[in-house]
1. To make sure I understand the rule: partners must be lysines, Cα under 16 Å from the Cα of residue 4, and not fewer than 8 residues away in the same chain. Which ones qualify?
2. As I understand it, the value is the acute angle between the Cα axis of helix 225-237 and the longest principal axis of the Cα atoms of the chain; what does it come to in degrees, rounded to 10?
3. Taking each pair of distinct Cα atoms in the chain once, what is the resulting Kirkwood hydrodynamic radius in Å?
4. What distance in nm lies between label points placed 7 Å from Cα along the C-beta direction at residue 57 and residue 266?
5. Please get the size of the charge dipole for the chain, origin at its Cα centre, with Cβ charges of +1 on Lys and Arg and -1 on Asp and Glu, quoted in debye to the nearest 20.
6. Report the Rg/Rh value for region 145-235, based on alpha-carbon coordinates and the Kirkwood definition of Rh.
7. Could you work out [θ]222 nm for the chain from helices alone, using -39500 (n - 2.57) per DSSP H run of at least four and dividing by all its residues? Round to the nearest 500 deg cm²/dmol.
8. Rounded to whole Å, give me the distance from the Cα center of region 240-317 to that of region 5-32.
Amino acid sequence: MEEKIKIYISKRTKDILWKDMELFEFFKRNGKLNQNDFLNELIMNYYEKYQNDQKNYREGILRVFASSDINDAETLTDQVMAVFHGGAETSRQKKEVTISLKPTKKSSSIISYIQNELTKNISLSGYFRNLLDSYVSMPQDEREKIIFRETYDIIRKAILEKKKISVATYRKPTYFHRISPYALSSSKEELFNYLLGAKEKRICSFRVSRIRTIVIEEEKSFFTKEQLVLLKKMEQYGPQFMISREQEIIVRLGQRGKELYQALYLHRPAVDHMEGDLYYFYCSEEQIRQYFSRFGKYAEIVQPEYLREEMKQFYKEAYEMYKGGGNERVR
């Protein structure tokens, strides 16, 4: 199968697909989004789970109808499934946008199987539309697991077998990190998945979608007690923020600061406990910097002292820039 397949999808579905292409860094050499590679990868990695889910839905509906006095439960079940997928194709196409999919050498046999075995009561285009609608209905971190299923599965296998892995990223494709993999962890905001592990004396974190090559080694994984403590904290507070040491961070929040803490969810550090206006954290310093730098005068770093001084310098430099009328050189 080499001809292009036209797929009618909603604008919302298209917007999410194109956002994922960018977030998961599917680019051509000229910097443009690689739509075809992304769509082929999505279909190859998702069609089995999608088909199994559809089978379970259909069997559940059929059981309900078959247990009643309804005649022709099979036909009625097919009609319900059609409604579940948004109705007849012809009535929807006028409101939708069209994208194209060209099977690759890698995906051609799978798409042929889908066409010949899984599209008895629907067109191939309609099948892919429903599959893509199902994909975009999931949280972003779950969508990332689908697109990078092979990488995700290899990491899980290494963790289960307690073996080290060698990992190269897209940014440095020829440099390999030898890692003891500890866990796969999703950010609290359900954005990305991260591989947490230990590399020699340091702990490390890699975004799964940025791993280009991964190989399981024969050597067994090893973690020090100190590394295990920090890795568990990264799972708790945010796998995208590196914790280099275990320490207490205290932030003073007034009434407005407390309101902002409740309102600003993205990258919010989890508080360990509170004593009046003092909030106690045991998370990454970088997470504290990024999160509370948005608060201005409504958050005060109390300790550690060096972090307090960093924030003072940060606001001082911003003040100097504004004081100079914006003529200071921005670096």
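Every number in this text was worked out from the coordinates using simple rules, so none of it is lab data. Note that the structure is predicted; figures quoted are calculated from it, not measured. Neighbour counts are summed over all protein chains in view; Cβ atoms, including those assigned to glycine, are modelled from backbone coordinates with ideal geometry.
1. The reachable lysines, counting only those whose Cα sits under 16 Å from residue 4, are 102, 105, 106.
2. 60
3. Evaluated over the chain, this radius sits at 23.7 Å.
4. According to this spin-label approximation, the distance is 3.1 nm.
5. The calculation lands at about 1080 debye.
6. In region 145-235, Rg relative to Rh is 0.93.
7. -15000 deg cm²/dmol
8. Centre-to-centre (Cα) distance: 36 Å.
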